[in-house]
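Step one of this worksheet: look at the structure below.
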Amino acid sequence: MSEKLQGFIQAITEQQLNVISIRILQKGHLLAHWDRDTDQRRVQHSISKSFTCMAVGLALEEGLIHLDATLGDYFTYNHVPIAQDHLPSPRELKLRDLLRMSSGHDSPPLWADERASLTEKDWVKHYMSLPLDRMPGEQFTYSSGDTFMISAMLQAATGQTVKDYLTPRLFEPLGIHDVEWETSPLGVTLGCAGLWISNEELSRFGQLLLQKGLWEGTQLVPADWIREATSQQIETTGDGDWGKGYGYQFWMCSHDAYRADGAYGQLCIILPSREAVICINSEEDNIQGILDAVWDKVLPTCIQP
């Protein structure tokens with residue numbers, strides 16, 4: 001199954017891109033796959049964010065939350081900064097602003113290093129103690145803290161952690177059992193990171209996205225929500241595929257594609273016009289290098305137009 005991938009394998013070898021696994025599906029069929037060793041469950045880093053986005057769509061459909069819900073609707077802490085200098089209080093941050101990474105922080109809270117060293121165990125309280133630097137909703141700044149707060153809002157709205165909420169609604173129907181997903185010290189699903197699945201299991205998620213939430217005849221996630229989440233909701237200013245815009249916890253790509261991605265080269269790339277899914281696990285900082293190898297070596301040789 002790896003013959004079609006010789007060009008890709010050669011490219012990543014020459015560029016010393018530490019790719020571990022790649023799987024390519026088109027029209028629901030496995031076209032090609034390659035594993036450097038074995039495809040096992042690995043932490044998917046920020047691909048976790050896109051799973052959290054699915055929980056939002058389900059909670060919206062069930063009427064448990066809405067996109068204009070604010071942090072203040074769910075969390076009532078003292079010592080939260082008040083509105084000042086024409087900037088709102090963190091209490092006023094809306095779910096839709098968190099989804100598109102436009103919360104208004106110049107230095108996004110709750111990065112991995114900060115999470116590891118934070119003495120405050122209530123990460124929601126910590127996030128809400130930080131004043132905003134600019135108006136929310138206007139400028140994209142990538143923030144894992146924003147996604148953690150989405151997870152906390154969902155837990156407050158549904159009465160379940162995001163992991164437990166998604167288990168019967170998404171994971172089990174996809175055949176992804178006994179999922180491990182890391183939590184905060186107070187037991188909130190990280191949401192932004194910490195989900196452990198294999199690349200093959202990730203490819204099932206990709207196929208679900210391609211099928212607009214339909215899986216084996218059952219609509220697991222509303223199709224309209226997947227369309228909205230995977231369409232540009234805010235502009236981005238990065239180079240290459242980082243500058244194509246951002247949806248709700250998904251990146252827009254060149255080649256009429258969109259992707260979920262995680263640090264160190266976890267990728268779930270959806271090409272709707274070609275009915276194709278490309279999933280990759282890596283231990284590699286150069287994500288754009290991997291994407292370029294996909295565009296240059298996988299698209300021309302593996303995937304029918």
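At 20 °C and 1.002 mPa s, grab the translational diffusion coefficient of the range 44-197 from Stokes-Einstein with a Kirkwood Rh over Cα pairs, rounded to a whole number in µm² per second. Before the final figure, lay out each step's value.
On the way: Rh = 15.6 Å.
Result for D is 138 µm²/s.
For the range 196-271 and the range 29-68, compute the distance between their C-alpha centroids and round to whole Å.
One Cα centre to the other: 9 Å.
Looking only at Gly240, Gly194, Gly72, which one moves most when the chain is put into a Gaussian network model with springs between Cα atoms under 10 Å?
Gly240
Among Thr236, Thr38, Thr70, whose mean-square fluctuation peaks in a Gaussian network model of the chain (Cα, cutoff 10 Å)?
Thr38
Could the peptides 17-24, 209-216 be put in order, highest first, of the mean number of other beta-carbon atoms found within 10 Å of their residues? Don't skip to the end; give the middle numbers.
Working: 17-24: 23.0, 209-216: 17.5.
Ranked by mean Cβ neighbours within 10 Å, highest first: 17-24, 209-216.
Which of Asp164, Asp239, Asp122 moves most in a GNM of the chain, Cα contacts under 10 Å?
Judging by the Gaussian network model, the answer is Asp239.
What whole-number value in cubic angstrom gives the convex hull volume per residue for the C-alpha atoms of the chain? All intermediate terms of the calculation are to be shown ahead of the outcome.
Working: hull volume 37.9 nm³, N = 305.
That works out to 124 Å³ per residue.
Using r as the Cβ-Cβ distance of Leu64 and Asp178, and R0 as 30 Å, what FRET efficiency do you calculate, to the nearest 0.05? List each step's numbers first, then the result.
Numbers: r = 25 Å, r/R0 = 0.85.
Result of the calculation: an efficiency of 0.75.
Subtract the Cα-Cα distance of Ser2 and Glu14 from 0.36 nm times their separation in residues, and report this length gain in nm to one decimal.
On the way: separation 12, 0.36 × 12 = 4.32 nm, distance 1.74 nm.
Fully extending the segment from Ser2 to Glu14 adds 2.6 nm.
Read-outs: derived from the displayed coordinates by stated rules, not from any lab. These numbers come from a predicted model, not from an experiment. Positions of Cβ are backbone-derived with ideal geometry, glycine not excepted, and every protein chain shown enters the neighbour counts.
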